[in-house]
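Structure first, commentary second.
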Amino acid sequence: PKQHSSGGKDRLLGISKRGDRYLRSLLVHGARSVIIQAATKDDRLSRWINRIRAERGYNKAIVALANKMARIGWAVIVQKTVYQAAADRHGERHAW
């Protein structure tokens, strides 16, 4: 994912088509699977997905989630950490 930020305003761009096509397709297919399951869940990520899907449509929600997963994956690799899912409002941790 590309970032162009200035003046304290973050401008996060989408997934570039210049990168690894296979990795991008895996991210999109994984996002599609998560979005299908999000309709029946009420955790923080599912609420975000359902809101994006309602506002922008199904395919844009898929690409937005794929972009989010790419950013999370990049951060985990760069910081050399293990992914920690955020706790939902019931205090339970959910991974996608």
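Quick notes on this one:
- Count - residues of the stretch 35-90 that are assigned to a helix (DSSP H, G or I) and of a type in the set (D, E): 1
- Residue in the stretch 3-26 that is modelled with pLDDT of 90 or more, aliphatic (A, V, I, L, M) and not in a loop (DSSP other than H, G, I, E, B) present: yes
- Close Cβ contacts (under 8 Å, 6 or more residues apart or on different chains) running from residues in the stretch 29-47 that are of a type outside the set (D, E, K, R) to residues that are part of a loop (DSSP other than H, G, I, E, B) and surrounded by 14 or more Cβ atoms within 10 Å (Cβ to Cβ) comprise V34/W96; L45/H94; L45/W96.
Yes or no, residue by residue, for (1) over 23 Å from L23 (Cα atoms); (2) surrounded by 15 or more Cβ atoms within 10 Å (Cβ to Cβ):
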{"position": "T40", "(1), (2)": "yes, no"}
{"position": "L45", "(1), (2)": "no, yes"}
{"position": "A54", "(1), (2)": "yes, no"}
{"position": "A64", "(1), (2)": "no, yes"}
{"position": "K68", "(1), (2)": "no, yes"}
{"position": "I72", "(1), (2)": "no, no"}
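The values are calculated or read from the model by the stated rules, or taken from the named source; none is laboratory data. Note that the coordinates shown come from a computational prediction; the quantities given were computed from them, not determined experimentally. When we count neighbours, we look across all protein chains shown, and the Cβ atoms used for this are built from the backbone with ideal geometry, even at glycine.
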